[in-house]
Every structure is written in structure tokens, then in C-alpha cells.
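Just below is one structure, and these are the notes that go with it.
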Amino acid sequence: MIHELSEEQRMMVHSLRTFLSRDVSPNIREWDKGGGLPQHIYERMARLGLFGICIPEQLGGAGYDYLTLGIVCEEL
């Protein structure tokens, strides 16, 4: 099944790719050797809506669908 991404999904991909290329990729080897990601990366991921992707907003999640979850997992 082929899906056309919604504008919201395209914006999520763009935001995630920008974040990963700017904030994560240059540092990931160092962080991996150190045993994990620094707290500010988790905080940024939360602001991008990467936690609780499929949980409804009224329950504290991001309110996205499962296709968006798959897209985010693939990008990560």
C-alpha cells in the first residue's frame, strides 16, 4: 500500500531530519562511548513530539497515527 504523506507528516520528517543532522549526528559517537544521550537531547525530542506519538493529546501524547510512528522510527 502506498501512502502520500500529509503536510503534518512532511513537517515532522523535516523537523526530525534537521534535529538529527544538526544536534545528534555530529555527537553520536561521543555519546555512544559515554553510555547515552545527554538530557537536553531527550528534552528536545519531547518538544518535537517524539514520545507518546500514538497516544491522544488529551492523554498527554502527541496524537499522531501509526504511519507517523513508523516514519519517525525509520528516521531515527
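The values are calculated or read from the model by the stated rules, or taken from the named source; none is laboratory data. Computed from a prediction, not measured in an experiment: that's the story for all the values here. In this analysis, Cβ positions are derived from the backbone assuming ideal geometry, glycine residues included, and neighbour counts consider all displayed protein chains. For the accessible areas, the whole protein counts, side chains as well, though only heavy atoms, and no ligand, DNA or RNA atoms are used. Shrake-Rupley method; radii C 1.70, N 1.55, O 1.52, S 1.80 Å.
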All but one of (1) at pLDDT 90 or above; (2) at negative phi hold for residue 34; state the number of the condition that does not hold.
(1)
Could you go through the range 49-66 and let me know if any residue there is part of a helix (DSSP H, G or I) and in contact with a Cys (Cβ under 8 Å, 6 or more places away or on another chain).
yes
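Taking the range 28-76 on its own, how many of its residues are among the acidic types (Asp, Glu) and open to solvent by less than 70 Å² (accessible area, probe 1.4 Å)?
Quick first cut of the range 28-76, residues among the acidic types (Asp, Glu) only: 30, 32, 43, 57, 65, 74-75.
Restricting the remaining residues to those that are open to solvent by less than 70 Å² (accessible area, probe 1.4 Å) gives 75.
Going through the range 28-76 one residue at a time, the tally reaches 1.
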Condition set part of a helix (DSSP H, G or I) and among the charged types (D, E, K, R), scope the range 1-27, selection least open to solvent (accessible area, probe 1.4 Å): answer is 23
